[in-house]
Amino acid sequence: MSKPQGRPVEILLAEDNPGDAKLTRKALEHGNVSNNLHVVTDGVEALEYLRQEGDHADKPRPDLILLDLNMPRKGGREVLAEIKDDEDLRRIPVVVMTSSEAEEDIAQSYDLHANAYLTKPIDFDGFIDVVQRIEDFWLTVVKMPPE
């Protein structure tokens, strides 16, 4: 991912499950890329963060968004639709990371222009492996357009 040298990658995790958020943080801490993980627990807060509103006015723009589909107040599908409809946000890659394996959820996420869709493994090692693969691909391999 193109980023200024020396600057950590900014990752926004929209996840209402504290256990999954903790596992994601642990996996990223053991990765090879310097990053700052910012966690929000529902869709409304995710959009406030992205739009730098309220308590999030001074937060950095994320380089990558990890988005759960099933969140309170505003679900991940709605958040994804708003991100991809917003000219200022649509270039930020969004990886849907959810427990759903439903074909309808997968198709709908791609219809809403998700950049990737991953099902969360249920075991610890599998979860860590998936997050580290996300990091390897999205933060070291992929070339992104400028902001």
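All conditions in (1) in contact (Cβ under 8 Å) with a residue 24 or more places away in the chain; (2) over 14 Å from the mean Cα position of the chain (by Cα) hold for ASN70, with the sole exception of (2).
Residues in the stretch 19-58 that are over 21 Å from LEU80 (Cα atoms), in contact (Cβ under 8 Å) with a residue 12 or more places away in the chain and not in a strand (DSSP E or B): LEU23, ARG25, LYS26, ALA27, LEU28, HIS30, GLY31, ASN32, VAL33, SER34.
Scanning the stretch 20-34 for residues that are in contact with a strand residue (DSSP E or B) (Cβ under 8 Å, 6 or more places away or on another chain) and crowded, with 18+ Cβ neighbours inside 10 Å gives ALA21, THR24, LEU28. Just to be sure, is TYR110 over 15 Å from VAL9 (Cβ atoms), surrounded by 18 or more Cβ atoms within 10 Å (Cβ to Cβ), out of contact with any Asp or Glu (no Cβ under 6 Å at 6 or more places or on another chain) and aromatic (Phe, Trp, Tyr)? So TYR110 fails the test.
When the criteria are applied in full, VAL96 fails the requirement of being closer than 19 Å to GLU135 by Cα and in contact (Cβ under 8 Å) with a residue 40 or more places away in the chain.
Let's see how each residue does on (1) of a type outside the set (Lys, Arg); (2) surrounded by 18 or more Cβ atoms within 10 Å (Cβ to Cβ):
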position	(1), (2)
GLU45	yes, yes
GLY54	yes, no
ARG61	no, no
LEU67	yes, yes
ASN70	yes, no
ARG91	no, no
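The set of residues from the stretch 90-114 being basic (Lys, Arg) and in contact with a helix residue (DSSP H, G or I) (Cβ under 9 Å, 6 or more places away or on another chain) comprises just one member, ARG90.
Since every read-out is calculated from the coordinates, none of them should be taken as a lab result. Keep in mind it's a predicted model, so treat the numbers as computed, not measured. Heads up, the Cβs are rebuilt from the backbone with ideal geometry, glycines too, and the neighbour counts pull from every protein chain shown.
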